[in-house]
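The values are calculated or read from the model by the stated rules, or taken from the named source; none is laboratory data. It should be emphasised that the depicted structure is a prediction, and the values quoted were computed from it without experimental measurement. Neighbour counts are summed over all protein chains in view; Cβ atoms, including those assigned to glycine, are modelled from backbone coordinates with ideal geometry.
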Amino acid sequence: MSEAIPILRLEGIVKTFPGVRALDDVSFTVMPGEVHALMGENGAGKSTLMKVLGGIYAPDEGRIFIDEEPTVMTSPLQAKAKGVVFIHQELSLADELTVAENIFLGELPLKSMGRVDWAKLYGDTNRILKTLNVGFNAKTRLGDLSIANQQMVEIARALTVEPRAVIFDEPTASLTDAEKVVLFDVIAELKSRGVGIIYISHRMEEIFKITDRISVLRDGQYRGTLETAQTNEDEVTQLMIGRSLDLSRNESHHELGDVALEVRGLSCGNLFQDVSFEVRSGEVVGFYGLVGAGRTEIAETIFGLRNPSAGQILIDGQEVRISSPIDAIGYGISLVPEDRKAQGLVLGMNCRDNMTLPQVSDLTAGPFVSDGAEIAIFDQYRDKLDIRTPGWKQIVGNLSGGNQQKIVIGKWLSMHPRVLIVDEPTRGIDVGSKSEIHNLIRDLAAQGYAVIVISSEMPEVLHVSDRIVAMYSGRVMRQFTSDEVTEDSLIQAISGIEAQVLA
Amino acid sequence: MNIQTLLKQGAIWAFIVAELIFFTIAGDFLSTSDKSFMDFDNMLLLLKQSAPIGIIALGMTIIMINGNIDLSVGATFALAAVVMLDSMTWPFMVALGDWSIPLAWTFALLTGVVLGAINGLLVWKTGVDAFIVTLGSMLGYRGLVFMYNGENPTSKLNWTLVDFAEAQFLSLHTATWFLLAVTLVLWLVTTKTVHGRNAYAIGNNREAAVNAGIKVGPHFLWNFILIGFLAALSAVVFYSESGSVNPNDGMLYELWAITAVVLGGTKLSGGYGSIISTLGGVIAIQLLRKGLGHIGAGTETVNLVIGLILIAVLFLDRQLNRKGKEELKI
């Protein structure tokens with residue numbers, strides 16, 4: 001590969017923000033036809049590096065070369081003109097416009113007098129869509145597409161120019177396994193055309209499946225580049241965090257208490273049907289399944305955010321009716337939601353106020369909130385959960401993902417719940433904090449909490465659960481104890497393969 | 001408190017000081033009056049004149065911290081004034097003599113509470129955006145004002161009432177005391193109570209607030225009742241002295257109140273804001289009006305300048321906020 005000219009070369013990039021050296025002498029090269037993974041914990045500098053490449057930040061030092069030509073990037077649009085395009089994790093598309101209008105947004109082909117050349121627009125769009133092999137056309141309204149297909153539109157948008165380098169930022173975050181296959185085909189196609197690809201992801205499995213080389217950043221510094229074929233997950237993890245992550249099977253066994261939560265025949269429209277399971281005190285029950293299998297919806301129903309169409313919920317053997325989160329909290333049910341920024345935290349508020357939010361009305365002295373009582377609770381759970389923050393006044397939005405998640409968990413623990421539901425406990429959290437959260441969940445079970453963990457990551461489910469409920473398409477396919485579960489049987493269950501066996 | 005919050009919360013007061021210095025110096029050259037701008041009596045008058053819009057703006061702050069808005073306050077203000085003055089002419093009220101005063105006030109304040117509750121219930125129960133709901137009620141309430149007495153003013157001058165309104169205690173006028181009392185109470189509510197905490201939480205992330213078991217609907221209702229009450233209180237304070245209300249009175253008050261709140265740094269999108277800064281915003285606007293008048297500018301110039309300053313201030317605020325985005329993540 002040393003003979004070929006790199007498509008993209010970053011040399012000695014330095015970027016500092018007040019108080020932090022976000023990028024410290026980072027160099028990085030992408031060859032034609034290469035899929036190059038960029039990895040690192042959250043805050044390691046990946047996003048900053050990509051923003052420098054896209055011209056959003058000007059680097060303090062260092063140079064960017066495209067085809068060995070020194071280039072100054074000034075804006076994402078200019079980067080695109082030079083053939084460097086970005087596929088963002090968060091889609092930036094307009095729901096009400098057609099696929100074609102989205103793809104050519106800002107660059108609509110024009111006829112005289114500023115009229116849109118619709119024929120050319122739809123023709124060009126359909127030509128691009130054909131190369132992506134998708135099942136919708138140029139005139140489809142974007143809002144009618146699935147997330148995966150919307151992502152395809154985002155990709156199509158990158159292909160309106162002949163791209164030299166394409167940057168994928170966590171592209172599979174919201175895709176199902178089948179949809180990932182399509183995405184990987186597109187990447188392979190681009191690769192065969194000699195396009196250089198930067199692939200940013202936290203998911204080791206994908207990285208090892210599709211990339212040629214892996215470069216790792218840690219604390220803003222370049223830590224090295226590995227040939228994917230000659231390395232393994234351990235080596236990469238060690239580069240990223242300086243140690244390896246323990247994701248062995250859960251083998252701890254302690255005495256389980258009584259059944260804390262029982263669900264009988266719970267259904268909610270076409271989201272999930274006839275779901276039954278129980279959770280004992282001291283037990284972690286893992287819910288595993290594909291995106292859309294109905295796991296989050298079950299949690300939301302138990303927490304009172306959705307109304308069940310049938311079935312019963314029993315707490316400590318008593319049937320209860322839960323029609324709002326207020327009811328659920330009253331019965332000792334807590335939910336750490338899937339999207340902590342949108343559903344769990346008040347990002348503009350400080351750490352203490354976030355933690356005491358559900359119980360602040362009980363922390364009053366006269367008409368006013370008692371500062372002392374609040375700080376006492378915050379201090380207790382900061383120490384218990386090892387939350388790293390300069391102080392309770394720190395705005396939660398400024399904390400790292402791992403610490404934010406601990407604030408949410410602390411918020412509910414301070415309510416002394418019977419049942420703690422944790423939806424995607426480590427989504428968007430860096431590797432180091434992941435194992436802390438895992439240990440925390442095991443500790444909580446050991447202390448007698450009944451815990452439900454919903455996760456899309458099999459190693460995580462296997463690592464933390466005493467029992468695993470496998471779901472497929474809104475139904476419970478099978479329940480496993482941690483002793484009997486195997487990866488194969490679990491994958492079969494969540495793919496619906498056992499449906500025939502049972503039927 | 002770090003430098004940035006100090007800068008943001010102190011900015012409005014620095015702006016007020018700058019206005020005072022500017023108008024004092026400019027006044028020496030341009031004013032036809034030989035009185036200095038920073039004359040003590042002039043400043044007392046300024047505070048008094050700030051009260052009607054100020055009391056409404058303070059209530060608007062908590063509405064806007066919620067992420068809502070109330071466009072009907074000007075109409076509520078007018079209707080409460082009509083009810084107060086008209087009720088004092090009713091035969092049984094006349095018979096009560098000066099004892100009709102507290103009763104008339106109660107009628108006016110109840111009017112505000114009821115109108116506010118209607119807004120609050122609509123926002124709560126229909127889920128329609130507060131902007132739309134109060135846009136409708138702004139028109140509707142104003143319609144009620146005209147239905148009451150046509151195009152004619154409603155008048156009732158009661159000299160006991162006028163004496164009370166013009167009284168000065170520790171130099172400050174009655175209206176100023178009301179303004180300060182409302183400021184104190186709302187400051188305590190927003191910074192020290194559960195209700196205040198919930199107001200910020202709902203405005204910042206409504207979904208997270210619902211998930212934490214906060215009853216968002218009733219919370220909104222209370223705040224709309226509060227601002228309805230305050231709009232009526234503002235009318236009570238103002239018309240006790242003037243004794244006559246035109247059906248068009250209070251028009252654009254909602255926009256002046258919002259201007260003062262925004263100038264004080266409260267975000268239109270909710271989740272952030274401060275009562276004390278709104279008081280600063282109110283005083284800054286009144287200073288501009290008075291100061292520009294002092295140096296001989298007409299009303300039209302005043303409005304132009306205030307408009308320009310509002311946009312300039314929000315532009316600066318944006319610049320300051322953007323800097324914060326690049327802060328260190330721990």
Members of the range A:413-432 found to be over 16 Å from A:Val464 (Cβ atoms) and buried (at least 22 other Cβ atoms within 10 Å of the Cβ), listed by number
A:Leu413
Scan the range A:53-60 and give yes if some residue there is within 14 Å of chain B (Cβ to nearest Cβ) and closer than 19 Å to A:Ala158 by Cβ, otherwise no.
yes
Taking B:Ala208 as the residue in question, decide whether it is small (Gly, Ala, Ser) and under 17 Å from the mean Cα position of the chain (by Cα).
no
Return yes when B:Leu186 is under 20 Å from the mean Cα position of the chain (by Cα), within 14 Å of chain A (Cβ to nearest Cβ) and assigned to a helix (DSSP H, G or I) and no when it is not.
yes
For the range A:294-321, how many residues are outside any helix (DSSP H, G or I) and either touching a Phe, Trp or Tyr at 6+ places or on another chain (Cβ under 6 Å) or within 12 Å of another protein chain (Cβ to nearest Cβ) (or both)?
6
For the range A:249-267, state whether one or more residues are in the same structural domain as A:Ser482 (by TED's automatic domain parsing), within 27 Å of A:Glu179 (Cβ to Cβ) and over 20 Å from the mean Cα position of the chain (by Cα).
yes
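How many residues are farther than 13 Å from A:Val84 by Cα, in contact (Cβ under 8 Å) with a residue 60 or more places away in the chain and either charged (D, E, K, R) or not in a helix (DSSP H, G or I) (or both) when one looks only at the range A:149-185?
9
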Name, by its number, the condition in (1) over 22 Å from the mean Cα position of the chain (by Cα); (2) buried (at least 17 other Cβ atoms within 10 Å of the Cβ); (3) not β-branched (Val, Ile, Thr) that does not hold for B:Ser171.
(2)
Yes or no: B:Asn68 within 16 Å of the chain's Cα centre (by Cα) and modelled with pLDDT under 95?
yes
Conditions (1) within 14 Å of chain A (Cβ to nearest Cβ); (2) touching a strand residue (DSSP E or B) at 6+ places or on another chain (Cβ under 8 Å); (3) at pLDDT 95 or above; number of the one not met by B:Leu180:
(1)
When residues of the range A:351-373 are limited to those that are closer than 18 Å to A:Leu399 by Cβ and touching a Ser or Thr at 6+ places or on another chain (Cβ under 9 Å), the one nearest to the other protein chains (Cβ to nearest Cβ)
A:Thr356
Checking A:Val216 against (1) crowded, with 17+ Cβ neighbours inside 10 Å; (2) in a helix (DSSP H, G or I), only one condition comes out false. Which one?
(2)
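Please return the ranges of helices (runs of 4 or more DSSP H) entirely within the range B:203-287 where 1 or more residues are touching a Pro at 6+ places or on another chain (Cβ under 8 Å) and β-branched (Val, Ile, Thr). Don't jump to the end; show me each part of the working.
Numbers: elements: B:206-211, B:216-242, B:253-263.
Of the helices (runs of 4 or more DSSP H) lying wholly inside the range B:203-287, those with at least 1 residues that are touching a Pro at 6+ places or on another chain (Cβ under 8 Å) and β-branched (Val, Ile, Thr) span B:206-211, B:216-242.
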Restricting attention to the range A:25-35, does a residue exist that is modelled with pLDDT of 85 or more, within 24 Å of A:His88 (Cβ to Cβ) and within 23 Å of the chain's Cα centre (by Cα)?
yes
Output for the range A:379-412, where each listed residue is touching a Lys or Arg at 6+ places or on another chain (Cβ under 6 Å) and more than 14 Å from chain B (Cβ to nearest Cβ)
A:Leu385
Scan the range B:24-38 and give yes if some residue there is outside any helix (DSSP H, G or I), surrounded by 22 or more Cβ atoms within 10 Å (Cβ to Cβ) and aromatic (Phe, Trp, Tyr), otherwise no.
yes
Considering only the range A:331-350, state which residues are surrounded by fewer than 24 Cβ atoms within 10 Å (Cβ to Cβ), more than 8 Å from chain B (Cβ to nearest Cβ) and farther than 12 Å from A:Ile421 by Cβ.
A:Tyr331, A:Asp339, A:Lys341, A:Asn350
Given the range A:404-503, what strands (runs of 3 or more DSSP E) lie entirely inside it while holding 3 or more residues that are without any contact (Cβ under 8 Å) to a residue 24 or more places away in the chain and out of contact with any Pro (no Cβ under 6 Å at 6 or more places or on another chain)?
A:475-481
When every residue in the range A:219-236 that is assigned to a loop (DSSP other than H, G, I, E, B) and polar (S, T, N, Q) is compared, the one modelled with the lowest pLDDT is A:Asn232
Could you give me the residue pairs with C-beta distances under 6 Å whose first residue belongs to the range A:290-317 and is closer than 26 Å to A:Ala148 by Cα, whose second residue is assigned to a loop (DSSP other than H, G, I, E, B) and among the charged types (D, E, K, R) wherever it lies, and which are 6+ apart or on separate chains?
A:Thr296/A:Glu338; A:Glu300/A:Arg306
Residue count, the range A:237-258 (criterion: within 18 Å of A:Ala446 (Cβ to Cβ), surrounded by 15 or more Cβ atoms within 10 Å (Cβ to Cβ) and either modelled with pLDDT of 85 or more or among the aliphatic types (A, V, I, L, M) (or both))
1
Which is acidic (Asp, Glu), more than 11 Å from every other protein chain (Cβ to nearest Cβ) and either surrounded by fewer than 20 Cβ atoms within 10 Å (Cβ to Cβ) or within 26 Å of A:Leu345 (Cα to Cα) (or both), of B:Glu241, B:Glu254?
B:Glu241
I want to confirm something. Restricting to the range A:178-230 and keeping residues that are of a type in the set (Ser, Thr, Tyr) and within 19 Å of the chain's Cα centre (by Cα), which single residue is nearest to A:Asp67 (Cα to Cα)?
A:Tyr199
